[in-house]
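Q: Quick one: this structure, given as structure tokens, is what I'll be asking you about.
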Amino acid sequence: MSASVLQADSTKPKQQVAEGTVFTILAAISFSHLLNDMIQSLLPAIYPILKSNFHLDFAKIGMITLTTQLTASLLQPLIGLYTDRKPKPYSLPFGMGFTLIGLALLSMASSYAFILVAAGLIGMGSAVFHPESSRVARMASGGQHGLAQSLFQVGGNAGASLGPLLAAFVVLPRGQHSIVWFTLAALTAIVLLTNVGAWYKHRESLGLTARAKKAMVHASLSSTRIAFSLAILIALMFSKFIYLASLSSYYTFFLISKFHVSVQSAELHLFIFLGAVAAGTIIGGPIGDRIGRKYVIWCSILGVLPFTLMLPWANLFWTGILSVVIGLILASAFSAIIVYAQELVPGRIGTISGLFFGLAFGMGGVSAAYLGKLADHSGIYFVYQVCAFLPAIGLLTGFLPNLDQKRRATH
């Protein structure tokens with residue numbers, strides 16, 4: 001995508017910028033998300049090289065993951081809170097600069113300490129990117145907030161799946177120094193995000209961002225009700241991401257252990273499941289725009305329960321079918337949850353996005369580790385029997401206020 005195309009959008013008439021869905025900006029931010037999450041997922045994919053080169057034990061490998069997760073998870077809501085108060089149109093390319101430096105440092109790291117610093121810088125890049133890019137996606141949505149979040153998030157899903165693949169074909173055969181080639185991806189993202197920043201700044205100069213904040217429909221709820229609703233959304237996130245972690249991290253082991261399939265067959269099943277997750281991410285947002293986010297959350301979290309309960313008892317054929325259905329349905333919730341939370345606390349787009357993306361990072365990593373311990377102790381089959389009941393937490397959705405009715409009532 002050329003800079004001129006993006007800049008053309010920033011020169012459109014005020015009314016069109018304010019009301020139309022700016023798909024060039026959404027495409028730029030989604031592709032940047034792909035590049036960011038590809039780089040993020042590259043790090044764990046090269047652990048075998050780092051373990052061999054630096055004679056690391058698993059505890060030190062875990063510290064690399066912890067460093068990345070802590071910086072990526074804990075800083076996100078703080079950065080979102082700061083930029084809610086003081087918008088920074090060019091914070092996105094600035095944050096990607098941290099990622100570029102981290103990659104360059106990782107490619108030439110000569111000690112474990114340098115690896116930790118590099119991991120921290122890559123995590124900081126993600127910490128800046130996610131809350132701010134989620135804000136930009138909402139700005140460019142033209143009112144189709146769910147669609148914008150879905151397009152934004154599917155880029156991240158695609159990038160997360162590309163990282164290990166590129167590591168296998170580029171880094172593993174050529175060694176640690178070949179990581180430097182991925183700085184080209186970071187540079188590409190910086191160019192795109194600089195143009196996105198120019199569009200963002202143009203909106204600021206026209207006063208469109210401030211006007212959009214004033215136009216936001218407030219939930220008209222007490223602070224206690226808002227806090228309670230946010231706690232429910234976090235519980236729903238807990239249910240979703242722990243179950244997804246059980247499949248994305250241990251699905252291949254489950255298939256090999258229960259059905260004695262080959263590694264290649266198990267990997268193929270995992271690929272199909274991840275494809276269903278990507279498809280679910282795309283469709284969840286637009287459906288939420290049409291029928292309401294609360295209904296999507298209902299159907300996504302609680303609606304997947306019958307399928308998760310059947311999965312541990314199914315044969316190989318139906319296990320493949322059920323995993324696709326589960327991935328498709330469960331993944332549709334995230335866009336709806338993010339947009340619902342943004343509407344619950346209007347004017348705090350960055351804070352809410354940073355909080356929920358940070359939780360997604362943290363829950364995914366921590367739950368995978370604990371599920372691994374449970375699998376070591378009680379077996380992988382037991383893990384899926386226990387996790388099958390997690391979507392029952394979706395019953396809490398009934399306690400969420402219906403913001404869609406409140407929004408329609410104001411129009």
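The values are calculated or read from the model by the stated rules, or taken from the named source; none is laboratory data. Bear in mind that the values here come from a model prediction, so they are computed numbers and not experimental data. So basically every Cβ, Gly included, is an ideal-geometry build from the backbone, and we count neighbours across all protein chains shown. To get the accessible areas, we keep the full protein, side chains included, count just its heavy atoms, and leave off ligands, DNA and RNA. Shrake-Rupley method; radii C 1.70, N 1.55, O 1.52, S 1.80 Å.
Q: Going by the conditions given, is Ile179 modelled with pLDDT of 85 or more and surrounded by 24 or more Cβ atoms within 10 Å (Cβ to Cβ)?
A: Criteria met by Ile179.
Q: Say we look at region 157-169 and pick out the residues that are among the hydrophobic types (A, V, I, L, M, F, W, C) and in contact with an Asp or Glu (Cβ under 9 Å, 6 or more places away or on another chain); which of these is surrounded by the most Cβ atoms within 10 Å (Cβ to Cβ)?
A: For region 157-169, the residue satisfying everything is Ala160.
Q: Okay, next question. Does region 46-60 hold any residues that are touching a residue at least 12 places away in the same chain (Cβ under 8 Å), of a type outside the set (D, E, K, R) and surrounded by fewer than 17 Cβ atoms within 10 Å (Cβ to Cβ), and which are they?
A: Matches in region 46-60: Tyr47, Pro48, Asn53, Phe54.
Per-residue answers, yes or no, for (1) open to solvent by less than 20 Å² (accessible area, probe 1.4 Å); (2) part of a helix (DSSP H, G or I); (3) touching a residue at least 12 places away in the same chain (Cβ under 8 Å); (4) more than 30 Å from Thr21 (Cβ to Cβ):
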{"position": "Leu103", "(1), (2), (3), (4)": "yes, yes, yes, yes"}
{"position": "Met124", "(1), (2), (3), (4)": "no, yes, yes, yes"}
{"position": "Glu132", "(1), (2), (3), (4)": "yes, yes, yes, no"}
{"position": "Gly155", "(1), (2), (3), (4)": "yes, yes, yes, no"}
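Q: State yes or no: is Leu328 surrounded by fewer than 21 Cβ atoms within 10 Å (Cβ to Cβ) and either assigned to a helix (DSSP H, G or I) or in contact (Cβ under 8 Å) with a residue 40 or more places away in the chain (or both)?
A: For Leu328, the condition - surrounded by fewer than 21 Cβ atoms within 10 Å (Cβ to Cβ) and either assigned to a helix (DSSP H, G or I) or in contact (Cβ under 8 Å) with a residue 40 or more places away in the chain (or both) - is not met.
Q: Given the criteria closer than 21 Å to Asp37 by Cα and out of contact with any Phe, Trp or Tyr (no Cβ under 6 Å at 6 or more places or on another chain), does Ser222 qualify?
A: no
Q: I've got another one for you. Looking at Leu359, Leu302, which one is within 19 Å of the chain's Cα centre (by Cα) and surrounded by fewer than 24 Cβ atoms within 10 Å (Cβ to Cβ)?
A: Leu359
Q: Between residues in region 65-80 that are farther than 16 Å from Phe98 by Cα and residues that are among the basic types (Lys, Arg) and assigned to a helix (DSSP H, G or I), which pairs lie under 9 Å by C-beta distance while being six or more apart or on different chains?
A: Gly80/Arg135
Here's the yes/no breakdown for (1) more than 22 Å from Ser229 (Cα to Cα); (2) open to solvent by less than 20 Å² (accessible area, probe 1.4 Å); (3) in contact (Cβ under 8 Å) with a residue 40 or more places away in the chain; (4) not acidic (Asp, Glu):
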{"position": "Tyr340", "(1), (2), (3), (4)": "no, yes, yes, yes"}
{"position": "Val345", "(1), (2), (3), (4)": "no, no, yes, yes"}
{"position": "Arg348", "(1), (2), (3), (4)": "no, no, yes, yes"}
{"position": "Thr351", "(1), (2), (3), (4)": "no, no, yes, yes"}
{"position": "Leu374", "(1), (2), (3), (4)": "yes, no, no, yes"}
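Q: If Gln40 passes every condition in (1) open to solvent by 50 Å² or more (accessible area, probe 1.4 Å); (2) closer than 25 Å to Gly372 by Cα; (3) modelled with pLDDT of 85 or more but one, which one does it miss?
A: (1)
Q: So, one more: Since Ala148 meets every condition but one in (1) in contact (Cβ under 8 Å) with a residue 60 or more places away in the chain; (2) small (Gly, Ala, Ser); (3) closer than 27 Å to Trp181 by Cα, which condition does it not meet?
A: (3) is the only condition that Ala148 fails.
Q: While we're here: Looking only at residues that are open to solvent by less than 90 Å² (accessible area, probe 1.4 Å) and touching a helix residue (DSSP H, G or I) at 6+ places or on another chain (Cβ under 6 Å) in region 253-269, which one is nearest to Val383 (Cα to Cα)?
A: Per the stated criteria, the residue is Phe254.
Q: Which numbered condition trips up Ala118, out of (1) more than 24 Å from Leu274 (Cα to Cα); (2) in contact (Cβ under 8 Å) with a residue 24 or more places away in the chain; (3) part of a helix (DSSP H, G or I)?
A: It fails just one condition, (2).
Q: A further question follows. Among the residues of region 283-293, is any without any contact (Cβ under 8 Å) to a residue 60 or more places away in the chain and surrounded by fewer than 24 Cβ atoms within 10 Å (Cβ to Cβ)?
A: Looking for residues that are without any contact (Cβ under 8 Å) to a residue 60 or more places away in the chain and surrounded by fewer than 24 Cβ atoms within 10 Å (Cβ to Cβ), one finds at least one in region 283-293, hence yes.
Q: Write out, first by first residue and then by second, each pair whose Cβ atoms fall under 9 Å of each other, whose residues are 6+ apart or on separate chains, and whose first residue, in region 158-180, is part of a helix (DSSP H, G or I) while the second is among the aromatic types (Phe, Trp, Tyr) and open to solvent by less than 60 Å² (accessible area, probe 1.4 Å).
A: Within 9 Å, the pairs are Leu166/Phe182; Val170/Phe182; Val171/Phe182.
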